[in-house]
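Every number in this text was worked out from the coordinates using simple rules, so none of it is lab data. What you see is a predicted model; the values in this text were computed from it and never measured. Because the Cβ atoms are built from the backbone with ideal geometry, glycine has one as well, and the counts that use them run over all protein chains shown.
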2 protein chains.
Amino acid sequence: MINRIALAGCGNVGTALLEILNDKKKELDEKFGFEFKITMITDLIKGSIIDPDGLDLQKVLNAIHSTNSFEGFVKSKGSFAEMLEQSRATMLAEATPTNMETGEPGLSHIKTALGLGIHVAMTNKGPIAVAMDELTDLAKKHHAKMRYEGVIMSGTPLINMIHTGMAGCTFEKIEGILNGTTNFVLTEMENGLSYNEALEKATDMGYAETDSTMDVNGLDSAVKTSIIARILFDEKIPVESIDREGITEITVEKIENAKERGNKIKLISGIEHTKNGLHAYVSLKEIPFSHSLAGIDGATNAVTITTDNLGEVTLIGPGAGRRETGQALLADLVAMAQ
Amino acid sequence: MINRIALAGCGNVGTALLEILNDKKKELDEKFGFEFKITMITDLIKGSIIDPDGLDLQKVLNAIHSTNSFEGFVKSKGSFAEMLEQSRATMLAEATPTNMETGEPGLSHIKTALGLGIHVAMTNKGPIAVAMDELTDLAKKHHAKMRYEGVIMSGTPLINMIHTGMAGCTFEKIEGILNGTTNFVLTEMENGLSYNEALEKATDMGYAETDSTMDVNGLDSAVKTSIIARILFDEKIPVESIDREGITEITVEKIENAKERGNKIKLISGIEHTKNGLHAYVSLKEIPFSHSLAGIDGATNAVTITTDNLGEVTLIGPGAGRRETGQALLADLVAMAQ
């Protein structure tokens, strides 16, 4: 069966997905029996192109790489639902920019697709943070699948590990480094840069957005912690209820003092049981060098999950990146096709 | 749909699976829609019991815990195939002891089950090491599923991560600690015990078998490396072709000398591309404290996989244990039911 894929959002991540699909077309068929056509691409800036028989992926990529547009293709108009139906898509890859307050435009895209029984893979945190219940119900009602590996730790397969690999475990505690930008800044400050220098370097290297407010004030980590609370404990912990700290008050001096005590300072997110129920936090912690998260440097993310059946399991991998996040979409698409 | 499960091998791991299933019956139904009955248990020592309507799991566990037998149950006789058919099982959990040369008795059990279109989850390395191709073909032919999470790193979900979580990645290299006993011995020697004292402690704590030859000579790690070569690179590397070293020559002095150089000695398994094709090894390596595997102490296992799309991903977790390995079977059973 050929999977007809619609892509919403053709920026860094969406383009990376197209590149990987184009490079690995033969391999994906041979290894997973995953045959596909890209039948629709829609992007806020580049416009929309549709071909139910499959767009010429190499030609699309050439246009993007040379003119950052869909030059040479006939643009389509219409509502998202009309375009989806015209494309005959069976799967939607949703990679529009994140809006943490409304979830839009991703939220509408996903609702429309699920309502048509189209499976959805997403990397956009907004819709999951805003409307996980509604989307889960909608998917169930229309027998559509929904996966969102890329919303946490990019393509590092944390969510698949929790849902499938650890199925049957009871989760006791989670602790980790969920934001690459802040961990990169802390690592660079250990190496002698000032806070501002380190943040500038993070932006230069593409880890931090031009506006890194949500990273450095801990909000990005808090949103991810809230999503993890739903996945691990089936509990709603609103982002506002999370004990949250950022890295804006950190100085080289504080880091040096910690080092003299044999410790490191890390921005750690976690959820644990207390007498008063679950406690979720994003907190600057001074941890000894021997701590399993002390060695997680740079833009890398890591999570340690404590369970009844397995004790501690730790997963370490990239937390961001265009190809890394495109990989998350790919793994989800392949899983949904099986 | 109710999944009828047959269990072959009711020793430590098989019993742990039954305990988990009994404890979590309600939760598994609510969370995964996983309903089950245990309709057959067969064990070389305890004998075989069958009830196509479902054995009373609590009663079975009471008998095992009080008399280490199936006292109070009527024993069944017949060939494995006859018993399987009588039990109306739709899934087999295979947890008989490992025989690395013949794969038996697990291999025959698995072939029989797959031939009847019964899905198989196994923790027994033997059959996979001896006959992976044959079993894969047989499963395909009879539309049966086959999973074997527990053969490497017990319930730490490495194999699921490779097959599903990282689907679409091209694998470049793998490096890890795959044997808990030897890593435990090395850690204890760092803390001052002699080789013999450390090995004795490993046996006392249940990490090492009474006969720990296959652990300490590196053979157990080599078998796992060979299996990983198939999974990651689709290449057959016979165990005999793996550059293999054990820990039998290690002394406290060597460990102390390494420590003075700021290094640790670890038994590391790996596969990497070379000009002459894949090179697989199990080797005592002196690595700096900053190496990602240096902090892996005791019976814990860890693996770092290098890929094109994700760079390095590291998974750390238990490498052995009755409940940990029972968990591997459980996750596989739940995944096969979905």
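Averaged across B:319-328, how many Cβ atoms of other chains sit within 10 Å of each residue's Cβ atom?
Across the residues of B:319-328, the mean count of other-chain Cβ atoms within 10 Å is 3.
Compare the peptides B:11-17, A:45-51 by average per-residue count of other Cβ atoms within 10 angstrom and give them in order, highest first.
The densest-packed peptide leads the list: B:11-17, A:45-51.
Given charges of +1 on the Cβ of Lys and Arg and -1 on the Cβ of Asp and Glu, with all other atoms neutral, how large is the dipole of the stretch B:163-318 about its Cα centre, in debye to the nearest 20?
About 420 debye.
Express in whole angstrom the spacing between the alpha-carbon centres of the stretch A:159-202 and the stretch B:94-113.
42
With a 10 Å Cβ neighbour count serving as the proxy for reagent exposure, in which order, fewest first, do A:I177, A:I5 appear?
A:I177, A:I5
Need one number: % antiparallel among DSSP beta bridges in the stretch A:163-318, to the nearest 5.
Rounded to the nearest five, the antiparallel share is 95 percent.
What is the order of A:M214, B:M166, fewest Cβ neighbours within 10 Å to most?
A:M214, B:M166
Between B:E256 and B:N12, how high is the FRET efficiency from 1/(1 + (r/R0)^6) when r is the Cβ-Cβ distance and R₀ = 25 Å? Nearest 0.05.
Efficiency, rounded to the nearest 0.05: 0.10.
What is the set of long-range amide H partners of B:E235 at a cut-off below 5 Å, with H atoms built 1.01 Å from backbone N?
Long-range HN contacts for B:E235: B:R230.
For chain A, take the longest principal axis of its alpha carbons; what is the angle in degrees between that and the long axis of helix A:57-67, to the nearest 10 within 0 to 90?
Approximately 60 degrees, to the nearest 10.
Each residue of the stretch B:315-322 in order: what ³J(HN,Hα) in whole Hz does its phi give by Karplus 6.51 cos²θ - 1.76 cosθ + 1.60, θ = phi - 60°, with x for Gly and Pro?
Rounded to whole hertz, the list is 10, 10, x, x, x, 7, x, 5.
Ranked highest first by the average count of other Cβ atoms within 10 Å around their residues, in what order do A:305-317, A:99-111 fall?
A:305-317, A:99-111
Hey, what did the stretch B:163-318 get for relative contact order, percent, Cα under 8 Å, at least 6 apart?
Value for the stretch B:163-318: 35 percent.
Counting DSSP beta bridges in chain A, what percent are antiparallel, to the nearest 5?
65
With just the Cα atoms defining each centre, how far is the stretch A:30-84 from the stretch A:261-277? Give it in Å.
Distance between centres, Cα-based: 45 Å.
If you take the Cα atoms of the stretch A:163-318, find Rg, then find the Kirkwood Rh from the mean of 1/r over all pairs, what is Rg/Rh?
0.98
Along Cα→Cβ at 7 Å, what distances in nm separate the A:H273 label point from those on the other copies, shortest first?
4.7
Mind telling me which of B:A144, B:A320, B:A167 comes out most flexible in a GNM of chain B, alpha-carbon contacts under 10 Å?
Ranking B:A144, B:A320, B:A167 by mean-square fluctuation puts B:A167 first.
Find every distance from the label point of B:M1 to the corresponding label point in the other copies (7 Å from Cα along Cα→Cβ) and write them in nm, one decimal, shortest first.
1.5
Would you mind counting up the charge near A:G218? Only other residues with Cβ under 14 Å from its Cβ, with Lys and Arg at +1 and Asp and Glu at -1.
Around A:G218, the charge tally is -2.
Could you work out the helix-only [θ] at 222 nm for chain B, with each DSSP H run of four or more residues adding -39,500 (n - 2.57) and the total divided by the number of residues, to the nearest 500 deg cm²/dmol?
-11500 deg cm²/dmol
Can you list the distances in nanometres, one decimal and ascending, from the B:E27 label point to the identical position in each other copy, with the point 7 Å along Cα to Cβ?
From this label point to the equivalent ones elsewhere in the assembly: 3.8 nm.
Give me A:E235, A:E260 ranked fewest to most by other Cβ atoms within 10 Å of their Cβ, as a rough exposure proxy.
By the 10 Å Cβ count, ascending, the order reads A:E260, A:E235.
Out of residues 5 or more away from B:Y148 or on other chains, whose amide H comes under 5 Å of its own, with H placed 1.01 Å from N in the peptide plane?
B:M122
How large is ³J(HN,Hα) for each residue in the stretch B:108-124, as worked out from phi by the Karplus curve 6.51 cos²θ - 1.76 cosθ + 1.60 (θ = phi - 60°), to whole Hz, x for Gly and Pro?
Whole-Hz 3J(HN,Hα) from phi for the stretch B:108-124: 5, 4, 5, 4, 4, 5, 4, x, 8, x, 8, 5, 10, 10, 9, 10, 8.
Based on the Cα coordinates of the stretch B:248-336, what is the per residue volume of their convex hull in Å³?
164
Shape verdict for chain A, please, from the Cα gyration tensor: rounded (a/c under 1.5), prolate (a/b greater than b/c) or oblate.
Cα axes put chain A in the prolate bin.
Residue farthest toward the positive end of the dipole of the stretch B:178-228, with Cβ of Lys/Arg at +1 and Asp/Glu at -1: which of B:N196, B:G206, B:L186?
Comparing the listed Cα positions along the dipole, B:L186 ranks first.
For the pairs B:K254/B:K275; A:K26/A:K145; A:K26/A:K173; A:K26/B:K266; A:K173/A:K201; A:K236/B:K26, flag any whose C-alpha to C-alpha distance is greater than 30 Å.
B:K254/B:K275; A:K26/A:K173; A:K26/B:K266; A:K173/A:K201
Using Cα springs under 10 Å in a Gaussian network model of chain A, which residue among A:L135, A:L178, A:L186 shows the largest mean-square fluctuation?
Among A:L135, A:L178, A:L186, the largest mean-square fluctuation in the Gaussian network model of chain A belongs to A:L135.
Enter the angle in degrees (range 0 to 90, nearest 10) between the Cα long axis of helix B:125-141 and the first principal axis of the Cα atoms of chain B, meaning the one along which they spread out most.
50
Need one number: % antiparallel among DSSP beta bridges in the protein assembly as shown, to the nearest 5.
Bridges in the protein assembly as shown that DSSP calls antiparallel: roughly 65 percent.
How high is the relative contact order of chain B? Use alpha-carbon pairs under 8 Å, at least six apart in sequence, and give a whole percent. Walk me through the numbers before you get to the answer.
Details: 664 pairs, mean separation 64.5, N = 338.
With pairs under 8 Å counted, the relative contact order is 19 percent.
What does the convex hull of the Cα atoms of the stretch A:193-247 come to per residue, in Å³, rounded to a whole number?
Normalising the Cα hull of the stretch A:193-247 by residue number yields 89 Å³.
Work through the residues other than B:A335 whose Cβ is under 14 Å from its Cβ and net out their charges, Lys, Arg +1 and Asp, Glu -1.
+1
Taking amide H positions as placed in the peptide plane 1.01 Å from N, state which residues far from A:E172 in sequence (5 or more) or on other chains have amide H under 5 Å from it.
A:T306, A:T307, A:D308
So what is Rg over Rh here for the stretch B:174-213, counting just Cα atoms and using Kirkwood for Rh?
Expressed as Rg/Rh, it is 0.99.
How big is the protein assembly as shown on each of its three principal axes, counting only the C-alpha atoms and giving the largest first in Å?
70, 60, 60
Across peptide B:296-308, what mean number of C-beta atoms from other chains lies inside 10 Å of a residue's C-beta?
2
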